Amino acid sequence: MEAILKVKRFNPEAAKPEPYWQEYRVEVEPHFTVLDALIKIREEKDETLSLRCSCRSAICGSCAMRINGHATLACKTKLSEMARGRPAVTVEPAGNMPTIKDLVADMTPFWSKVMAVEPWLQPRGPEPQGEYLAPADAMQHLVGVMACIMCGACVSDCTVLEIDPNFLGPAALAKAYRFVGDPRDQADAERLQALSRYSGIWDCTRCNECVQACPKGIAPMDRIMALRDRAMDAGFRNNTGSRHTEAFEEIVEHSGRLDELRLAIKTFGMMNVPAMLGLAPVGLRALMRGKMPPIFHKPIPNAQAVQKLFKKVEEAQKGDRK
Amino acid sequence: MLECDVLVIGAGLAGMRAALAAHTNGAKVIMVSKVHPVRSHSNAAQGGINAALTDRGDSWEDHAFDTVKGSDYLGDQDAIEVMCSEAGREIIQMEHWGVIFSRDEEGHLGTRTFGGQRRARTFFVADMTGQAILHVMYEQLMKSGVQSLEEWFVTDLIVADGECRGCVAMEIRSGTLQVIRAKTVVLATGGLGRVFEPSTNALICTGDGIALAYKAGVPLMDMEMVQFHPTTLKGSGVLITEGARAEGGYLLNKDGDRFMLKYAPSMKELASRDVVSRCEQTEINEGRGVDGCVLLDLRHLGEKTIKERLIQIYEIGRDLTGIDITKEPIPIRPGMHYQMGGIKTDVDGRAWDVKGQWGGIRNLFAAGECACVSVHGGNRLGANSLLDTVVFGRRSGEAASQMAKDMKPTEVSEEKWLKSSEDKLRSLLAREANGDSVAKIRWDLGTSMVEHLGVFREEEGMLATKAKVEDLKRRYEKVAVQDKGKMFNTALIFGIELGYMLDCAETVVLGAIERKESRGAHHRLDYPQRDDGNWMKHILVHETPEGPRLSYQPVTVTRWQPQERKY
């Protein structure tokens, strides 16, 4: 059967280097992955098409790219599923990274962010003769993060990185979690302090794109949320993100719903004039659209029920920690 | 020109381990790799890494015996003793560096039983052990600050006066060539799997270092010994880990019989790989297969075990074949997996003979799958390949840096070497299209190798492949590369790699035709018995101006005399 692939091409050596779309028609087998089709194109139709690929079994992390607009591994994506109900399967290089050529993205910024989290085990004290003793379940839990193959699919589709290229990003933060969560690593305090700064864990907007994109089920966003909990537990609360979280919880527990004015004041601090002024345009726009929160905040009728819920959750969390 | 004491070519486990060892030993190291280090094929080692830890009541001598037996008595026993006795130390080193090995209830490292071994001594991380170790090794490399040239492709080894003095490499991104001058060079470029089609190997496994060394005059040893893994997917040849059988998986024929009970009553599915592969092929050839395959049945292991310990296999089944392995058996067959042979080295990775008997090139070292120490002999045991990379990677790095300490910088004419490499690339790019293609030649090579140098071999077929390789070499001289650009020209790289693959293929075929017996993975229908009287020796292939020449080296036997091999 024939498949149609529309591939975004880019030749840096062209007289005017501009990306353009090229359509390829290729005979495929039902079991083909998108990578199988791209390799066939490269071998039979167009040797100039450049892409990275190696293992063909989702372990080397070379072939992350956007297929039908979303980042994934080409070797793990069935062509037939992508082609269903569409005139053509679109293939583009990974996003949030410069393109070197065709489907080859420049991963230099990716690796420099990984490097920024000091991604190596930092134990303290004398090395034991044998292995470090570590609980089996803690290690089994870490396998779920360690399974990250550094393909960059999460970074490609991260919505924060589109706005702020300084954000450490889901891959580097998930890597950081792998050390914070490791009972052998003794640098948690330094790590969590560094991660609590600008461009770190508090800059994620929880849009969930990285969880969707990850071909290995790492769920980077969940790891970032776990890092936030750990950072707050470790006492790194003197930052906007922590205060926002605390205020959010406190207000909702108290009155059963959010008081957005108080949330802003508690997050930034009443005396923080520049931040307060910075919020003024948001307030104005809300006012003009009739979405301004009421100045006098009232609890919901049965706020005690919400407080009970909070108590239950707190008790459950205590149980989890034990 | 870039300069260093120790140049490491290849950045899989053996390469990175060598680079770290040399760096720790005070050498200035440059490591160059055609892919980013974490994309290396060491990733694909799923099942584990062997070591006999004495605090668990195991002994390295037992591990060594299993390895000797597994090798069908072709492995050099002095080298096997080194590997097995140093294994425990390496495992602990990896653990201290951060590898998240699976644990037992008390928090100690846990083990599983792998094929061809009488004890559980395989340490593992679910079914992604290679990946787990590779990424940790790269973490240590980032920490060390070793200069790592990532996505640089080596086009030539610089050899003069019988010694290796560096390489010429192309930065793939820009297409520019650079000379890298070194006092000593470690080759750790991995295997040659893509010479066969299909193969479990990644597309990058094209025998680059093996061919570079061979062309430079280093003999290759045991090249006829090619491992066919018992469980690979039809079509793509993607690997299903031996861990699937280690966890208790069954092999079934079309009648639902566990046929291994008949062939290897004691070790069953966990007999050594060459044995299991032959049994499967026999079932298929005698009409008891299913569509050219047999079945791997994991259903009885239960969903929890499968999803905790065989995660990747669960995903591969789901994504590549549409089979839920918790509910259905998966069709598998033997597939090309590993090259036991390679660049002949001693136990410190030296690719030259200090006694001068077998030649080689001074200052050149090799480790990992591209090397042949020989610890695997006729058949490698599962989970001994990761061990090989870390033990001999470290030893090569140590020896190469030690040697460099006493050396002055070598003399290299940058201009001359750049020009000769440039000319080579230019002539490849200048050829005009003739209807042939690199991909076609590679396909013809791979399919012919699998057809006649597969699980079962015989003279007639191998001679046909020999003629085929010669013909393909002639086609290769004329084939054109269509991409004429400089930047990230993957077509050009495939073109050069194909040359490496053809050189490797030639030596595999020659070794296999020469060895007139059946031993380990080399099974001949025309010589079905092992013949210790005539063939308990290594075959070496040397490149000479008159063509390939063969020579022989005795197998080193320390304490284990050959016995009949039963599982």
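Tabulated values for the structure
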quantity: Pick from the stretch B:96-145, criterion in a loop (DSSP other than H, G, I, E, B), more than 7 Å from every other protein chain (Cβ to nearest Cβ) and more than 25 Å from B:Gly249 (Cα to Cα), ranking: modelled with the lowest pLDDT; calculated: B:Glu106
quantity: Residue in the stretch B:58-67 that is within 14 Å of chain A (Cβ to nearest Cβ) and either in a loop (DSSP other than H, G, I, E, B) or closer than 23 Å to B:Arg309 by Cβ (or both) present; calculated: yes
quantity: Tally of residues being part of a helix (DSSP H, G or I) and hydroxyl-bearing (Ser, Thr, Tyr) across the stretch B:400-432; calculated: 4
quantity: The lone exception for A:Ala71 - which of (1) crowded, with 18+ Cβ neighbours inside 10 Å; (2) within 11 Å of chain B (Cβ to nearest Cβ); (3) touching a Gly at 6+ places or on another chain (Cβ under 9 Å); (4) closer than 19 Å to A:Ala37 by Cβ it fails; calculated: (2)
quantity: Test: residue in the stretch A:180-200 that is out of contact with any Gly (no Cβ under 8 Å at 6 or more places or on another chain), of a type in the set (Ser, Thr, Tyr), outside any loop (DSSP other than H, G, I, E, B) and more than 14 Å from every other protein chain (Cβ to nearest Cβ); calculated: no
quantity: Subset of the stretch B:294-316 that is more than 14 Å from chain A (Cβ to nearest Cβ) and within 28 Å of the chain's Cα centre (by Cα) - its residue that is modelled with the lowest pLDDT; calculated: B:Ile306
quantity: Single residue of B:Leu498, B:Leu510 found to be within 14 Å of another protein chain (Cβ to nearest Cβ), aliphatic (A, V, I, L, M) and either within 24 Å of B:Gly341 (Cα to Cα) or more than 21 Å from the chain's Cα centre (by Cα) (or both); calculated: B:Leu498
quantity: Scan of the stretch B:520-535 for residues that are more than 17 Å from B:Thr282 (Cβ to Cβ) and polar (S, T, N, Q), ordered by number; calculated: B:Asn534
quantity: Lone unmet requirement of (1) of a type in the set (Gly, Ala, Ser); (2) in contact with a strand residue (DSSP E or B) (Cβ under 7 Å, 6 or more places away or on another chain); (3) modelled with pLDDT of 95 or more; (4) part of a loop (DSSP other than H, G, I, E, B) for B:Ser374; calculated: (3)
quantity: Which numbered condition B:Asp62 fails, given (1) within 27 Å of B:Val412 (Cβ to Cβ); (2) in contact with a helix residue (DSSP H, G or I) (Cβ under 9 Å, 6 or more places away or on another chain); calculated: (1)
quantity: Members of the stretch A:104-144 found to be facing chain B (nearest Cβ under 9 Å), more than 20 Å from B:Ile133 (Cβ to Cβ) and surrounded by 19 or more Cβ atoms within 10 Å (Cβ to Cβ), listed by number; calculated: A:Val104, A:Met107
quantity: Matching entry among B:Arg426, B:Arg362 (being touching a strand residue (DSSP E or B) at 6+ places or on another chain (Cβ under 6 Å) and surrounded by fewer than 23 Cβ atoms within 10 Å (Cβ to Cβ)); calculated: B:Arg362
quantity: Helices (runs of 4 or more DSSP H) completely within the stretch B:232-340 that count 3 or more residues being aromatic (Phe, Trp, Tyr) and surrounded by fewer than 17 Cβ atoms within 10 Å (Cβ to Cβ); calculated: none
quantity: Residue that is nearest to B:Leu220 (Cα to Cα) [pool: residues in the stretch B:515-567 that are of a type in the set (Val, Ile, Thr) and surrounded by 14 or more Cβ atoms within 10 Å (Cβ to Cβ)]; calculated: B:Val541
quantity: Of all residues making up the stretch B:70-129, the number that are at positive phi and crowded, with 18+ Cβ neighbours inside 10 Å; calculated: 5
quantity: The lone exception for B:Gln46 - which of (1) modelled with pLDDT of 90 or more; (2) within 10 Å of chain A (Cβ to nearest Cβ) it fails; calculated: (1)
quantity: Breaking point among (1) of a type in the set (Val, Ile, Thr); (2) free of Cβ contacts under 8 Å to residues at least 40 places away in the same chain; (3) farther than 30 Å from A:Gln140 by Cβ, for A:Thr245; calculated: (3)
quantity: Residues (in contact with a Gly (Cβ under 9 Å, 6 or more places away or on another chain) and within 14 Å of chain A (Cβ to nearest Cβ)) located in the stretch B:322-335; calculated: B:Ile323, B:Ile330, B:Pro331, B:Gly335
quantity: Any hit, the stretch B:155-162, residues being modelled with pLDDT under 90 and hydroxyl-bearing (Ser, Thr, Tyr); calculated: no
quantity: Number of positions in the stretch B:166-187 that are surrounded by 23 or more Cβ atoms within 10 Å (Cβ to Cβ) and among the acidic types (Asp, Glu); calculated: 0
quantity: Verdict on B:Glu163 being surrounded by fewer than 20 Cβ atoms within 10 Å (Cβ to Cβ) and either closer than 24 Å to B:Met501 by Cα or assigned by TED's automatic domain parsing to the domain that holds B:Met94 (or both); calculated: yes
quantity: Subset of the stretch A:29-61 (residues that are at the interface with chain B (Cβ under 8 Å from one of its Cβ atoms), in contact (Cβ under 8 Å) with a residue 24 or more places away in the chain and small (Gly, Ala, Ser)); calculated: A:Ser50, A:Ala58, A:Gly61
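The values are calculated or read from the model by the stated rules, or taken from the named source; none is laboratory data. Bear in mind that the values here come from a model prediction, so they are computed numbers and not experimental data. Note that each Cβ is placed from the backbone with ideal geometry, even for glycine, and that neighbours are counted across all protein chains shown.
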